[in-house]
Amino acid sequence: MIDMYILAIESSCDETAASVIKGNPATGRLLVLSNVISSQIEIHKKYGGVVPEIAAREHVLNVLPVINEALAKAKIKAKQLDYLAVTKGPGLITSLITGLETVRALSFAWEKPIIEVNHLNGHMYSNFIKPASPIKFPALSLIVSGGHTMLIILNKDHKIKIIGDTRDDAAGEAYDKAAKMMGLDYPGGPAIAKYAAEYKKSKKISTITLPRPMLNSADFDFSFSGLKTALLYQLQKDKNWRKRISEYCYAYQEAIIDILSYKTIKAAKQYSIKTIMMAGGVSANLELRQKLAKNIKKELPNTNFLVPDHEYTTDNAAMISAAAFYKIKKSKAISFRNLKVNSSLQLK
């Protein structure tokens, strides 16, 4: 079967991204030809978080230049594309609209079918881009991002089952809010990770004790609001906390990693998982990667562990292209090159 070319747009939050991939449905091989991201971090940093109205306006300004750059870097012209893919949600509505309406206009102008992709499925499929080892099924995906912390089982037919979800604050959100409490930069994850690494390097023993919410719950759901509140109370009681920021960051990060690692391994054992995958912005955290890999090797030595390259951890369009590719591949009854314009393949 011949290769297909997919152009994808991602605009669910504060990154305007476009990517072109080449995929072979017969072999499942994916090749990223371009992956362009226009980030708004510097714009939102002074507010300590994403301002939806500002993000939406920036998307309008950036979306066409980003698409043009992605096509140019891929050395692909519009007529060579087989599909257009776009993030349909979840995300900021005003940001999503820019990507969706842009793709609908291009679909009409270029006469190309649209594949709508769930943003979280995109994160999961980032592990299918240059995997370090074969993905064996059933696979378990730990998605850790600013808005979501989830455990999802993916079987060999690419059907998904959500077994764990976010009850309140997601891990990424917990990082951002804790960083704001301590007067650190946005985004909070990299800032806290930097200070935590400094404290770990000192080899001092931390005296700060923080809870591990829902660690021993009967389900695989996550809750980080209690951890965030516990940190707030400790900071309020400690008059010298500013001199101990690195220790607080270390203790806080350790709590988050303990919860993520314990629940992931527990789920993998219960469901006889053969591959554990991690994705989402928080998956770029080096300490989380190392500790989870170490614990998996110890507790589940026969289970593969995969994390995407750093460029595919935060929001990007290559992951949306990859998810669209497998969505098309899954639809066996559809002729790959004969979909009607604006048709949409829904991933259940």
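The values are calculated or read from the model by the stated rules, or taken from the named source; none is laboratory data. These figures come from a predicted structure and were not determined experimentally. Cβ sites come from the backbone with ideal geometry, for glycine too, and all protein chains shown count toward neighbours.
A few remarks follow.
- Screening segment 258-304 for residues that are in a helix (DSSP H, G or I) and basic (Lys, Arg) and picking the one that is surrounded by the fewest Cβ atoms within 10 Å (Cβ to Cβ) gives Lys298.
- Each residue in segment 273-302 was checked for being free of Cβ contacts under 8 Å to residues at least 24 places away in the same chain and of a type in the set (D, E, K, R), and 4 pass.
- Residues of segment 118-153 satisfying the condition of being within 10 Å of the chain's Cα centre (by Cα) and free of Cβ contacts under 8 Å to residues at least 40 places away in the same chain: Leu120
- The condition of being among the charged types (D, E, K, R) and farther than 30 Å from Gly183 by Cα holds for only one of Glu58, Glu42, Glu53, Glu101, that being Glu101.
- Filtered residues of segment 77-99 (kept if in contact with a strand residue (DSSP E or B) (Cβ under 6 Å, 6 or more places away or on another chain) and surrounded by fewer than 18 Cβ atoms within 10 Å (Cβ to Cβ)): Gln80
- Criterion: in contact (Cβ under 8 Å) with a residue 12 or more places away in the chain, among the basic types (Lys, Arg) and farther than 17 Å from Lys327 by Cβ - qualifying residue of Lys75, Lys88: Lys75
- Residue check for Lys22: surrounded by fewer than 22 Cβ atoms within 10 Å (Cβ to Cβ), over 18 Å from Lys73 (Cα atoms) and not assigned by TED's automatic domain parsing to the domain that holds Gly281: no
- As a summary of the residue check, Ala55 satisfies the conditions (1) crowded, with 22+ Cβ neighbours inside 10 Å; (2) closer than 26 Å to Leu30 by Cβ; (3) touching a residue at least 40 places away in the same chain (Cβ under 8 Å) except for the one numbered (2).
- Any hit, segment 223-239, residues being in a loop (DSSP other than H, G, I, E, B), without any contact (Cβ under 8 Å) to a residue 24 or more places away in the chain and aliphatic (A, V, I, L, M): no
- Qualifying residue in segment 248-257 (condition: out of contact with any helix residue (DSSP H, G or I) (no Cβ under 6 Å at 6 or more places or on another chain), farther than 19 Å from Glu198 by Cα and crowded, with 19+ Cβ neighbours inside 10 Å): no
- Flag if Ser217 is within 16 Å of Ser261 (Cβ to Cβ), at pLDDT 95 or above, of a type in the set (Ser, Thr, Tyr) and out of contact with any helix residue (DSSP H, G or I) (no Cβ under 6 Å at 6 or more places or on another chain): yes
- Of everything listed in (1) in a loop (DSSP other than H, G, I, E, B); (2) touching a Phe, Trp or Tyr at 6+ places or on another chain (Cβ under 6 Å), the single unmet condition for Tyr199 is (1).
- Candidate set from segment 161-182 (those that are free of Cβ contacts under 8 Å to residues at least 40 places away in the same chain and surrounded by fewer than 20 Cβ atoms within 10 Å (Cβ to Cβ)); member that is nearest to Phe220 (Cα to Cα): Ile162
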